[in-house]
Ligand code: NAD
Ligand code: GLY
């Protein structure tokens, strides 16, 4: 089992990565001296596969378990579901010595994490991510939250888990589409942070697509190490952490304009990264060869790269609604060739869109 440490002083925690490890959750929680009572937050889709081994592992390690099942879907990542979680925590008698286990993808992780951050002014929580996206991105770094009717992830807190347990075998039940969507966030780390990892992904695209466990173990570990190194230096996104938003400005606009129905998050990010690569080249940060390599890797991973045909005004409206707008300027992440990045304020956003072929 690989163990990576996220070094954040007294908020430091390990990420354990291996296959067939769900049944070790209880003993690991015991080692980490977590309280006697655990609330496992999950949904019926994930619960059908993994609730039993998780509960059995916790119970056999001596924990008592309160089960909290919420409906499956991003549309339930809201205050109503959060209140339902609070109700269950209160009913179940969870106290300050108790902890929450988030068993699921990014939706469960974000919501259970925010419940943990706020219930009784904060109780410990453990991330057990079950999607690739959650394993390489959302379960690490402490961003938790829910959506608001006026926008995604508008309510939240930075709140770090006590540990993250990644079992790569749980990915076997994930649909191809969800799995491939997670590969987009993995590719992001290579493009902006680590050229060697980018080339590893290029060389192993086929193995990654086929969920080869040895390859996945190495790739997930590298992705988590890269994310940890960013979070350690900028936990609350004062500057550097914004690099993790590479491809997300246009990606979020694509999600908004298609009403979150046409693309999964990773798919939209892949489209955003292909456009960001083109923009980076146009702005002199990168070469045509790098743009080509980035688009080829995304295509090899069977991710989309073409921008849906909305007009400049529509893209501008979607981008300007985004959280990344600060003081009237757009903070945009460029790739500097491959493996490096620059973050710059952009005043003329329509010029960026023109580079991507967006017109009136
Ligand atoms: P998700 O949590 O909705 O999971 C996708 C689907 O897969 C769901 O239907 C889920 O029930 C199912 N599923 C999960 N694990 C499964 C498994 N092992 N087998 C079978 N089915 C399984 O989606 P996601 O892509 O994991 O997460 C998206 C969410 O993550 C968004 O809400 C996004 O805002 C958030 N996010 C957060 C961060 C962060 O840093 N906190 C980063 C990126 C994304
Ligand atoms: N997913 C972006 C971040 O964690 O900052």
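Tabulated values for the structure
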read-out	value
Residue check, residue 345 in contact with a strand residue (DSSP E or B) (Cβ under 7 Å, 6 or more places away or on another chain), at pLDDT 90 or above and farther than 19 Å from residue 226 by Cβ	yes
Any chance residue 166 is under 15 Å from the mean Cα position of the chain (by Cα), assigned to a helix (DSSP H, G or I), within 18 Å of residue 134 (Cβ to Cβ) and within 15 Å of ligand 1 (Cβ to nearest atom)	no
Residue in the range 218-225 that is crowded, with 20+ Cβ neighbours inside 10 Å and within 13 Å of ligand 2 (Cβ to nearest atom) present	yes
Condition check for residue 231: under 23 Å from residue 3 (Cβ atoms) and touching a strand residue (DSSP E or B) at 6+ places or on another chain (Cβ under 9 Å)	yes
Strands (runs of 3 or more DSSP E) enclosed by the range 1-118 - at least 3 residues per element that are away from ligand 2 (no atom under 16 Å from the Cβ) and farther than 19 Å from residue 144 by Cα	2-6, 13-18, 64-69
Residues that are out of contact with any strand residue (DSSP E or B) (no Cβ under 7 Å at 6 or more places or on another chain) and touching a residue at least 12 places away in the same chain (Cβ under 8 Å), drawn from the range 1-48	7, 8, 11, 23, 24, 26, 27, 30, 45
Some residue of the range 307-316 being within 24 Å of residue 157 (Cα to Cα) and out of contact with any helix residue (DSSP H, G or I) (no Cβ under 9 Å at 6 or more places or on another chain)	no
Tally, over the range 202-217, of residues that are away from ligand 1 (no atom under 16 Å from the Cβ) and either crowded, with 19+ Cβ neighbours inside 10 Å or part of a helix (DSSP H, G or I) (or both)	10
Evaluation of residue 258 against (1) farther than 16 Å from residue 354 by Cβ; (2) crowded, with 23+ Cβ neighbours inside 10 Å (one fails), failing number	(2)
All positions within the range 119-139 that are part of a helix (DSSP H, G or I) and on the phi > 0 side of the Ramachandran plot	120, 121
Pick from the range 140-156, criterion buried (at least 21 other Cβ atoms within 10 Å of the Cβ) and near ligand 1 (Cβ under 7 Å from one of its atoms), ranking: nearest to residue 221 (Cα to Cα)	141
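Residue-by-condition table, conditions (1) within 30 Å of residue 279 (Cβ to Cβ); (2) more than 11 Å from ligand 1 (Cβ to nearest atom):
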position	(1), (2)
101	no, yes
123	no, yes
138	yes, no
159	no, no
190	yes, yes
200	yes, yes
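The values are calculated or read from the model by the stated rules, or taken from the named source; none is laboratory data. Computed from a predicted model, the values in this text were never measured in an experiment. Methodologically, a virtual Cβ is constructed for each residue, glycine included, from the backbone with ideal geometry; neighbour enumeration extends over all protein chains shown.
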